[in-house]
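Trainee: First, the structure itself, so that you have it in front of you.
The values are calculated or read from the model by the stated rules, or taken from the named source; none is laboratory data. Bear in mind that the values here come from a model prediction, so they are computed numbers and not experimental data. Note: ideal-geometry Cβ built from the backbone for every residue, glycine included; neighbour counts use all protein chains shown.
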């Protein structure tokens, strides 16, 4: 069973995602802005990670975001296909990795935002 960390989803999207995740055997955790400064490992409930009480602005990130934890490639493929089929569009998505597990949600958001802007610019540029 995998965990989906969800950020600032619209109510309809949240309801739809929870239904979809349950059907595929995954949990959804809605992350509150009070935890945006904590390591992803802690937010995901991964053993060995503790609350750090890291300083954060406490402000919302301003965009829907979805972080995948503990899904193998088959589960990830099934989930992404189901999201597409249900037309659940959450533009900022990432996987918890050994590289980013210590990052805060806000750090990951800032990185994803840059990548998304870069990919969008490349997609929209003339060739």
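Trainee: Restricting attention to segment 5-16, does a residue exist that is out of contact with any helix residue (DSSP H, G or I) (no Cβ under 7 Å at 6 or more places or on another chain), surrounded by 17 or more Cβ atoms within 10 Å (Cβ to Cβ), more than 16 Å from residue 109 (Cα to Cα) and free of Cβ contacts under 8 Å to residues at least 40 places away in the same chain?
Mentor: No: segment 5-16 contains no residue that is out of contact with any helix residue (DSSP H, G or I) (no Cβ under 7 Å at 6 or more places or on another chain), surrounded by 17 or more Cβ atoms within 10 Å (Cβ to Cβ), more than 16 Å from residue 109 (Cα to Cα) and free of Cβ contacts under 8 Å to residues at least 40 places away in the same chain.
Trainee: Also: Hey, does segment 106-125 have a residue that's part of a loop (DSSP other than H, G, I, E, B) and at pLDDT below 95?
Mentor: Yes: one or more hits.
Trainee: State whether one or more residues within segment 63-70 are over 20 Å from residue 27 (Cβ atoms), touching a helix residue (DSSP H, G or I) at 6+ places or on another chain (Cβ under 8 Å) and surrounded by 11 or more Cβ atoms within 10 Å (Cβ to Cβ).
Mentor: yes
Trainee: A further question on this structure: Across segment 25-39, what is the total count of residues that are in contact (Cβ under 8 Å) with a residue 24 or more places away in the chain and part of a loop (DSSP other than H, G, I, E, B)?
Mentor: So the answer is 6.
Trainee: Can you give me the number of residues within segment 35-62 that are at pLDDT 90 or above and within 19 Å of residue 11 (Cα to Cα)?
Mentor: Count: 0.
Trainee: Residue under question is residue 120, and the condition is that it be surrounded by fewer than 16 Cβ atoms within 10 Å (Cβ to Cβ) and more than 23 Å from residue 38 (Cα to Cα); does it hold?
Mentor: yes
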